[in-house]
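The values are calculated or read from the model by the stated rules, or taken from the named source; none is laboratory data. Predicted model, so just to flag it, every value in this text is computed and none were measured. We place every Cβ from the backbone using ideal geometry, glycine too, and count neighbours over all the protein chains shown. These area figures cover heavy atoms from the full protein model, side chains too; ligands, DNA and RNA do not enter into them. Shrake-Rupley method; radii C 1.70, N 1.55, O 1.52, S 1.80 Å.
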Amino acid sequence: DYQSFFNRCEFDLAGTKNEMTTNRLIDSYNSGRGADALMLEQLYFAYGRYLEISSSRGVDSPSNLQGIWNNINGVAWNSDIHSNINVQMNYWPAEPTNLSEMHLPFLNYIWAMAEKQPQWKQWAKLQGQDRGWTCFTENNIFGGVSAFKNNYVIANAWYATHLWQHYRYTLDREYLKRVFPAMLSASQFWMDRLKLASDGTYECPNEWSPEHGPESENGVAHAQQLVYDLLTNTKSAIEVLGSDAIISEADLNLLNDRLSKLDRGLATERYTGAWGNPKNGVKTGELLLREWKTSAYTAGENGHRHMSHLMCVYPFNQVTPSSPYYQAAVNSMNVRGDESTGWSMGWKINLWARLQNGTKAHGILTKALRHSTSYGTDQSRGGIYYNLYDSHAPFQIDGNFGACSGIAEMLLQSHTDTIQVLPALPKAWKTGHVTGLKAIGNFTVSVAWKDGKATRIT
């Protein structure tokens, strides 16, 4: 059963040899030992796919913060389903690394809780919304939530984007027909909740940018980008399903109205120089993506682990290298810095890959693969343990999945409906091949390259 999934995809770098124990491989990693270093990177990709398969077989429930590998009662963050990036990151490798079936436990959970169970509809009503469903930051498989950051009502939009992503990769129309009501219900929540601002745009009210800054702001970039993606995906699903998309004319008009006037969460601000001039190459006065629309709390927190206002780059496709916001996104990444918690570095690998900077993406991968103790006692820094588990710190499985997805993004991208081959190939991966990656549109793609150039694409 396992091999039937694992063998679909292989990543191989020329000259690598599996000759060292894992602890020695990790210890020697940052000493520049050539093929040994490449072996660890190759192994980490395979390990991410191993975890994706192994955490999902025979258990139709989503993978939580520690996957199925939690071994203690007093576990960090209750081994919960964390909805402000963590559970989503657990499934980032599923579609691109040819493990689409592994996505289904999460998708089935979303569909069942949104459509069949009462709790998520109850949380929507608690927020003053008569229609739709939502959940908050910390969740469990019974629909329960904790008391932590229950102002994070935008989780429904992020969850619903996964429903659409699975269709984009598989083109499974019957699946889309089944989950469309959950997408529409999440859209109804936001179509009713959005507020018309004085600038003529619709804003998400009382939002925040996980996990820092003001906690009751209108028009926060994170929420606006999520709602734009949700409403756009719902409209696309209607176009695909035609008469099988059950939606009232009033709601269709409401959807079009909200989309046409929605603040998309794409605006810029000037770097103030508060963290140094220059800071990681960014000079005072250069453009950054704006994280809060109206608050004076600009640019975020120095070195903060969350890149919440960059959803537009990854996992979405709202800012690409041809976008007018591209350089502001690059500057925002640089200002925030590289070293962080393990899962944050996993996210940054994906972000830099989408920005088509293989050097930066690979550089952060090398930091993510340092042994956790090399960061000392600083609990805001990650790395890995000798069994390759990701360190938040402490252990958290999402960083493994984030790095695996990031490696796939360095090799192949299709989020713009165009297959992009080796879009962020680092110089360190001079020669190699990858087989069996998936692209949007149900394409299976294999690439061989030499001296940094593709030699065969299938």
Total residues in segment 271-294, condition out of contact with any Asp or Glu (no Cβ under 6 Å at 6 or more places or on another chain), closer than 14 Å to Ala329 by Cα and either of a type in the set (Gly, Ala, Ser) or outside any loop (DSSP other than H, G, I, E, B) (or both): 4
Would you confirm whether or not segment 26-47 contains a residue that is over 24 Å from Tyr175 (Cα atoms), in a loop (DSSP other than H, G, I, E, B) and not small (Gly, Ala, Ser)? yes
Can you tell me which residue within segment 21-35, out of those that are over 15 Å from Ala403 (Cβ atoms) and open to solvent by less than 30 Å² (accessible area, probe 1.4 Å), is modelled with the lowest pLDDT? Ser28
If you scan segment 291-323, which residues turn out to be farther than 19 Å from Ser216 by Cβ and aliphatic (A, V, I, L, M)? Ala299, Met307, Leu310, Met311, Val313, Val319
In segment 56-94, which residue that is small (Gly, Ala, Ser) and not in a helix (DSSP H, G or I) is farthest from Lys149 (Cα to Cα)? Gly58
In segment 304-329, anything more than 17 Å from the chain's Cα centre (by Cα) and either outside any loop (DSSP other than H, G, I, E, B) or surrounded by fewer than 17 Cβ atoms within 10 Å (Cβ to Cβ) (or both) is listed as Pro321, Ser322, Ser323, Pro324, Tyr326, Gln327, Ala328
Just give me the residues in segment 148-180 being outside any helix (DSSP H, G or I) and not polar (S, T, N, Q), in sequence order. Phe148, Lys149, Tyr152, Val153, Ile154, Leu171, Asp172
Tell me yes or no: at least one residue of segment 88-99 is over 18 Å from the mean Cα position of the chain (by Cα) and either of a type in the set (S, T, N, Q) or surrounded by fewer than 19 Cβ atoms within 10 Å (Cβ to Cβ) (or both). no
Could you tell me whether any residue of segment 372-379 is charged (D, E, K, R) and touching a helix residue (DSSP H, G or I) at 6+ places or on another chain (Cβ under 9 Å)? no
Do we find that Met333 is touching a Gly at 6+ places or on another chain (Cβ under 9 Å) and buried (at least 21 other Cβ atoms within 10 Å of the Cβ) in this structure? no
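Table: residues versus (1) in contact (Cβ under 8 Å) with a residue 24 or more places away in the chain; (2) in contact with a helix residue (DSSP H, G or I) (Cβ under 7 Å, 6 or more places away or on another chain).
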site	(1), (2)
Ala14	yes, no
Ala35	no, no
Leu40	yes, yes
Phe45	yes, yes
Arg49	yes, yes
Glu52	yes, yes
Ser61	yes, yes
Gly74	no, no
His82	yes, no
Tally, over segment 139-152, of residues that are open to solvent by less than 10 Å² (accessible area, probe 1.4 Å) and in contact with a Phe, Trp or Tyr (Cβ under 7 Å, 6 or more places away or on another chain): 2
Restricting to segment 233-265, name every residue that is closer than 19 Å to Asn156 by Cα, assigned to a helix (DSSP H, G or I) and open to solvent by 50 Å² or more (accessible area, probe 1.4 Å). Lys235
Can you find a residue that is open to solvent by 10 Å² or more (accessible area, probe 1.4 Å) and assigned to a helix (DSSP H, G or I) anywhere in segment 189-200? yes
Quick check on my filter: what residues within segment 124-138 are closer than 26 Å to Lys195 by Cβ and open to solvent by less than 40 Å² (accessible area, probe 1.4 Å)? Ala124, Gln129, Gly132, Trp133, Thr134, Cys135, Phe136, Thr137
With respect to Tyr29, is the statement that it is of a type outside the set (D, E, K, R) and closer than 20 Å to Pro105 by Cα true? no
Take Trp164 and tell me if it is surrounded by 24 or more Cβ atoms within 10 Å (Cβ to Cβ) and either of a type outside the set (Val, Ile, Thr) or within 21 Å of Leu255 (Cα to Cα) (or both). no
Looking only at segment 431-457, and only at residues there that are more than 27 Å from the chain's Cα centre (by Cα) and of a type in the set (Ser, Thr, Tyr), the one that is nearest to Phe6 (Cα to Cα): Thr431
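Identify, please: which residue in segment 100-116 is of a type in the set (Gly, Ala, Ser) and crowded, with 17+ Cβ neighbours inside 10 Å and is, among those, farthest from the chain's Cα centre (by Cα)? Walk me through it before giving the result.
Within segment 100-116, the first condition is being of a type in the set (Gly, Ala, Ser), and the residues that meet it are 100, 112, 114.
From the residues that got through so far, the ones that are crowded, with 17+ Cβ neighbours inside 10 Å too are 100, 114.
On the way: Ser100: 16, Ala114: 21 Å.
The qualifying residue farthest from the chain's Cα centre (by Cα) is Ala114.
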Suppose we filter Ala46, Ala14 for residues that are of a type in the set (A, V, I, L, M, F, W, C), modelled with pLDDT of 95 or more and farther than 26 Å from Gly67 by Cβ; which single one remains? Ala14
Here is a list of conditions, (1) of a type in the set (Gly, Ala, Ser); (2) under 23 Å from Ala328 (Cβ atoms); (3) free of Cβ contacts under 8 Å to residues at least 24 places away in the same chain, and Ser243 meets all of them except one; can you say which number that is? (2)
